[in-house]
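What follows is a single structure, written as structure tokens, with notes after it.
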Amino acid sequence: MDVITTVKQLRERLAHEKNVALVPTMGNLHAGHIQLIKEVKPHTHCLVTSIFVNRLQFGPSEDFNRYPRTLENDCKYLLDAGCDVVFAPDEKEIYPTVQEYTVDPSGLQHLLEGAFRPGHFRGVATVVLKLFNMVQPQIAIFGKKDYQQYLVLKDMVTQLALPIEIVPAETVRAPDGLALSSRNSYLNPTEREEAVQLYGQLMAIKKAILAGYKDYTTLEKVATAYLNSRGWHTDYIAIRAQDHLRLTTPDETQLVVLGASRLGKTRLIDNLEIALN
Ligand code: PAF
């Protein structure tokens, strides 16, 4: 496995590779990333994992500074998982000058996560487009845990006609149901026990909808009130159409319930797809 830090070395290393898959990450890898890499590996000649904590996608009061940087450990995991190339640039390599050209995603960037994290998806789309230009992969894999991010990037590739296939990866969960996330490492033991309640509420909504319950607004409100009564600060619990997270219509069959809520200093997000046919 090669660990590369500059775009020049990266281009030289990948110059003759025909089938490159990219897994973009911000590092602090967990079992979810590793499972994903093991699944993709047999279908590609060259698997590249990028590790870069992207300042552009963090708001001024968000956790950019305390985001865990664990490159050495990440590389050990990646070697075991069969990764071929780790691209771990520093900030100067990705942003040698102030980034004045940015990618403004579709209307999706203003909903849900976008409404609570203004500019977040612009930062994500901009760095991902740069990573695509640097690595030039044929496929790129994004976890469905960040459902809206996956949709934004799928749209970006379609609308900008990028020759890249975006492949979604299923969310990996701890035995109690908590979605694996680098940010789980912020939780103290009491919060870690409590954290599963977000998944629990999404699951309760999913079950109610599958059982035929149609009053989605009430379901959203009840779950929000329940979490808040336990000390969470909920940004949203929302039942939407999987297609572009549109507001639902009565005949909608492909739904997703998404949630974002803060437990102590940690903001957790999760979602569950719901198919009604
Ligand atoms: O999902 C993430 O870890 C990041 O948003 C990504 C896609 C690597 C862009 O910085």
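All of the numbers you see were taken from the coordinates with simple rules; none came from a lab. Everything numeric here is computed off the predicted structure, so don't read it as measured data. Using ideal geometry, Cβ is built from the backbone for each residue, glycine included, and neighbour counts are taken over all protein chains shown.
So if we plug the beta-carbon distance of residue 79 and residue 115 into 1/(1 + (r/R0)^6) with R0 = 30 Å, what FRET efficiency do we get, rounded to 0.05? Let's see the in-between values first.
Numbers: r = 40 Å, r/R0 = 1.33.
The computed FRET efficiency comes out at 0.15.
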Centroid-to-centroid separation of the range 43-66 and the range 199-273 [C-alpha atoms, Å]:
27
GNM result for the chain, Cα springs below 10 Å: residue of 198, 178, 210 fluctuating most strongly:
210
Output row, site residue 254, 7 Å Cα→C-beta label point, backbone N cut-off 18 Å, window the range 146-166, residues 146-159, 165-166
For the range 263-272, what does the Karplus curve 6.51 cos²θ - 1.76 cosθ + 1.60, with θ = phi - 60°, yield as ³J(HN,Hα) per residue in whole Hz, taken in order and with x for Gly and Pro?
10, x, 9, 9, 9, 10, 10, 7, 7, 9
Please list, in chain and number order, the residues 5+ apart from residue 234 or on another chain whose amide H is under 5 Å from its amide H, with Hs placed from the backbone.
262
Full-stretch length increase - residue 61, residue 247 - with 0.36 nm per residue and alpha-carbon distance subtracted:
64.0 nm
Could you tell me the extents of the range 218-277's C-alpha atoms along the three principal axes, largest first, rounded to whole Å?
37, 20, 16
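Only loop residues by DSSP count here, and only those with at most 16 other Cβ atoms within 10 Å; note down the chymotrypsin sites (Phe, Trp or Tyr not before Pro) in the range 100-159 that meet that. Don't skip to the end; give the middle numbers.
Numbers: sites: 101, 116, 121, 132, 142, 147, 150; in loops: 101.
Within the range 100-159, the qualifying chymotrypsin sites (Phe, Trp or Tyr not before Pro) (loop, at most 16 other Cβ atoms within 10 Å) are 101.
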Among 44, 97, which comes first, second and so on when ranked by fewest other beta-carbon atoms within 10 Å?
97, 44
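Report the percentage of all Cα-Cα pairs in the chain whose separation exceeds 37 Å, rounded to a whole percent. Mind dumping the intermediate values first?
Values: 4963 of 38226 pairs.
Summing the P(r) tail past 37 Å for the chain gives 13 percent.
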Taking all pairs of distinct alpha-carbon atoms in the range 1-51, Kirkwood radius in angstrom:
11.8
In sequence order, what are the phi-derived ³J(HN,Hα) couplings for the range 220-228 according to the Karplus relation 6.51 cos²θ - 1.76 cosθ + 1.60 with θ = phi - 60°, rounded to whole Hz, with x for glycine and proline?
4, 5, 5, 5, 4, 5, 4, 4, 5
For residue 141, the net charge from surrounding residues (Cβ-Cβ under 13 Å; K, R +1; D, E -1) works out to +1
Identify, among 188, 110, 166, the residue whose Cα sits farthest towards the positive end of the charge dipole of the chain, taking +1 on the Cβ of Lys and Arg and -1 on the Cβ of Asp and Glu, with the dipole about the Cα centre.
188
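Under 13 Å from the Cβ of residue 263, count the other residues' Cβ atoms, weight Lys and Arg +1, Asp and Glu -1, and hand me the total. Intermediate results must be reported in sequence, preceding the final value.
Details: positive: 183, 192, 230, 262, 265, 267; negative: 191, 193, 194, 235, 270.
My count for the surroundings of residue 263 gives +1.
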Taking neighbour counts of Cβ atoms within 10 Å as a proxy for exposure, in what order, fewest first, do 134, 203, 156 appear?
203, 134, 156
When the Karplus curve 6.51 cos²θ - 1.76 cosθ + 1.60 is applied with θ = phi - 60°, which whole-Hz ³J(HN,Hα) does each residue of the range 155-168 get, with x for Gly and Pro?
5, 4, 5, 5, 6, 9, 6, 7, x, 9, 8, 8, 10, x
quick note, the chain, DSSP beta bridge pairs, % antiparallel (nearest 5) is 50
